[in-house]
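Colleague: Okay, here's the structure, questions in a sec.
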Amino acid sequence: MSSLQQCPYCQGSVYRLGDGRYKCGRCRKKVSPERVAKIRALIADFARDENASVSADTKGLSYVSVHRYFGQFRQLCARICEDEYEARRHLSCEYEEYFYLERAKKRRKNAVFDAQNFLTFDYEGHLYTIVMPSLQQFRNQFIEDDLESVYAEEFARFRRQSRLIKISSRHNNIVRFWEYFEVSILRYRGVSSESFPLYLKEMEFKFNHAVPERERLLADYYFKELA
């Protein structure tokens, strides 16, 4: 049977109850050691980029349950990124703009309207991203004004120039993040526009932290905010 040495919520001292749970002497919360062990194991899988389906199979859990937990962890990634930005926003930074298109859409003439545009900031080695507004909201207006093809051609020209600049520029931290992002996003085999900001924040968080630090931060935030 699992045991606890301290409260996962406040790190206070705990004592065992008759039903097998523990109670914290500081925050007075009752804690199931099995539940804590399960959540920590799922956090470890998420931090190591484990697939939710594989994690569910190896843990003997339902995919729906694991998928829900992974969604919570992804939200925590975004929260951590914002907190870390607030702690670093006073530092000097460099930034670049990036357009992302799924491979299947890159050859489409009007692909510009499906592109995800985000800014990447480098605060002295720590990355931060901001998603820019989607161009989908302007698509109908471009069609009505007969400007869709003109805008698509300009965007294609911009992408060709950007690729040349990217290849010829120094291999800085921002470019390394873009390369990491391009590889990481493929694991999800398609991300909706609505969900894209959260997945981007997941990748920002993971790029900024090694696996042990990912696990520690996610566990700290989970038990303080979501449990």
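The values are calculated or read from the model by the stated rules, or taken from the named source; none is laboratory data. None of the values given here were measured: they were computed from a predicted structure. Glycine also receives a Cβ, built like all others from the backbone with ideal geometry; neighbour counts cover every protein chain displayed. Heads up: the accessible areas ignore ligands, DNA and RNA and are worked out on the full protein's heavy atoms, side chains in. Shrake-Rupley method; radii C 1.70, N 1.55, O 1.52, S 1.80 Å.
Colleague: At R0 = 25 Å, how high is the FRET efficiency between CYS10 and ARG68 if r is their beta carbon distance? Nearest 0.05 is fine.
Modeller: 0.50
Colleague: Could you point to the residue in ALA47, GLY20, THR58 farthest towards the positive end of the stretch 1-64's charge dipole, with +1 and -1 charges on the Cβ of Lys/Arg and Asp/Glu respectively?
Modeller: So the residue we want is GLY20.
Colleague: I'd like the accessible area for LYS29: 1.4 Å probe, protein heavy atoms, all chains in place, Å² to the nearest 10.
Modeller: Solvent-accessible area, nearest 10 Å²: 90 Å².
Colleague: Continuing with this model, one more query. Rg (Å, one decimal) plus Dmax (Å, integer) for the alpha carbons of the stretch 181-227?
Modeller: Calculated on Cα positions, Rg and Dmax stand at 12.3, 32 Å.
Colleague: Please give the contour-minus-distance gain from SER92 to ARG79: 0.36 nm per residue of separation, less the Cα-Cα distance, rounded to one decimal in nm.
Modeller: 2.5 nm
Colleague: Order 88-100, 42-54 from most to least packed using the mean count of other Cβ atoms within 10 Å.
Modeller: Ranking, from highest mean packing down: 42-54, 88-100.
Colleague: Please calculate the 1.4 Å probe accessible area of ASP83, with all protein chains present, and give it to the nearest 10 Å².
Modeller: Surface open to solvent at ASP83 totals about 60 Å².
Colleague: Just order 20-26, 118-124 by mean Cβ neighbour count inside 10 Å, highest at the front, would you?
Modeller: Details: 20-26: 15.7, 118-124: 17.4.
Highest to lowest by the protection proxy: 118-124, 20-26.
Colleague: Pairs LYS29/LYS59; LYS38/LYS201; LYS23/LYS206; LYS38/LYS206; LYS29/LYS206; LYS38/LYS224: which exceed 28 Å Cα-Cα?
Modeller: On the way: LYS29/LYS59 26 Å; LYS38/LYS201 24 Å; LYS23/LYS206 33 Å; LYS38/LYS206 21 Å; LYS29/LYS206 31 Å; LYS38/LYS224 17 Å.
From the list (LYS29/LYS59; LYS38/LYS201; LYS23/LYS206; LYS38/LYS206; LYS29/LYS206; LYS38/LYS224), the Cα-Cα distance tops 28 Å for LYS23/LYS206; LYS29/LYS206.
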